[in-house]
Amino acid sequence: MQQILAVMYREYLIRRTSPLWLFFDVAVPLLYLLMFGVALDKALGFGLQLGEGSVGYNRFFLAGVLSMTCFGSAINQSYGFFVDRDNGILYEFLTYPMTRGQFLLGKILFQCVMSIVQGILTLLLAQYVLEIDVQWELFFFILIGVVIGTSGWFFFLAILAFRIRRNDTFNTAINVAYFVLIFLSTTFYPIDQAPDWLKISSYLNPLTWHTDVLRYLTVGVGSLELVVLQSLGFSIFLLISFWFAVRALQRWV
């Protein structure tokens, strides 16, 4: 545990010396919700048709903001491997008496703390500024969903970071992945009326699983049976990604 705390403390020192980075870590989800949510909520008027009823776009988009924030946090943290490698700190760090798994857990646990802060601020903004009725009785489970989402995407992107040697190639890969995964998911829109190929792609997308779970927990939209299956699927995705990330790091250095 001491090794994991040491990695977390190093991440804290990095953030403390980079206040602008810290500001964007906290502020970006709020900007997402205000810029996209408010504009589209006004444009759609009566909201989105889901089943036999409708839901306001702000309410629908809240879970999308949380899931995008988790993905973005994972991108920032995984890119740090390239920074550490270029200045030689990564190789020195891996000579310390710790396992590769402890190193990865230390990095992601700090980022999960940041994601929790982001999530709380986003929920407060949604409730008290945009007047979205958040299910506060499920607050603890929402935070667990944020932590699991950030962790799953971090380990997945860490695999790419360890297998791709060039910074520009990595940036291209994650930007393409981010664009494809978001627009082939339920982040911005429901897929009830979408073509069959889009429905299939979306239901196979872990970002859809994560978003749907958060949407059910935050505002109660969705099916409990489907959300349980999606929660199980994303948990398996997290564990597999962690295992491959550890293996990739062992082979990288």
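Per-structure values
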| read-out | value |
| --- | --- |
| Among 80, 119, 64: highest mean-square fluctuation, GNM of the chain, C-alpha pairs under 10 Å | 80 |
| Estimated [θ] at 222 nm from DSSP helical runs (n ≥ 4, -39500 (n - 2.57)) normalised by residues in the chain, nearest 500 | -25500 deg cm²/dmol |
| Hz values of 3J(HN,Hα) by residue in segment 97-102 - Karplus curve (6.51, -1.76, 1.60), Gly and Pro given as x | x, 8, 7, 5, x, 5 |
| Residues residue 236 and residue 133, FRET efficiency given R0 of 22 Å [Cβ-Cβ distance, rounded to 0.05] | 0.10 |
| Ordering of 235-246, 132-143, 208-219 by packing [mean C-beta count within 10 Å, highest first] | 208-219, 235-246, 132-143 |
| Coarse-grained scattering of segment 150-253 at q = 0.11 Å⁻¹, given as base-10 log I(q)/I(0) from a Debye sum over alpha-carbon atoms | -0.40 |
| Per-residue ³J(HN,Hα) for segment 188-195, Karplus 6.51 cos²θ - 1.76 cosθ + 1.60, θ = phi - 60°, Hz, x for Gly and Pro | 9, 7, x, 10, 4, 9, 7, x |
| Protection-proxy order for peptides 176-183, 165-172, 199-206, each taking the mean of Cβ atoms within 10 Å per residue, highest first | 199-206, 176-183, 165-172 |
| Computed lengthening from residue 250 to residue 166, 0.36 nm per intervening residue step minus Cα-Cα distance | 28.4 nm |
| GNM top mover of 194, 158, 173 - the chain, alpha-carbon springs below 10 Å | 194 |
| The chain: relative contact order in percent, alpha carbon pairs under 8 Å with at least 6 residues between | 25 percent |
| Kirkwood Rh and Cα Rg combined as Rg/Rh, the chain | 0.98 |
| Where labels lie 7 Å past Cα in the beta-carbon direction, separation of residue 121 and residue 140 in nm | 2.6 nm |
| Computed FRET value (nearest 0.05) for residue 95 with residue 183, which takes r as the C-beta separation and R₀ as 51 Å | 0.75 |
| Net charge, residue 5 excluded, C-beta distance under 15 Å - Lys, Arg +1, Asp, Glu -1 | +1 |
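Laboratory data are not the source of any read-out in this text; all were calculated from the coordinates shown. This is a predicted model, so every value here is computed, not measured. Neighbour counts are summed over all protein chains in view; Cβ atoms, including those assigned to glycine, are modelled from backbone coordinates with ideal geometry.
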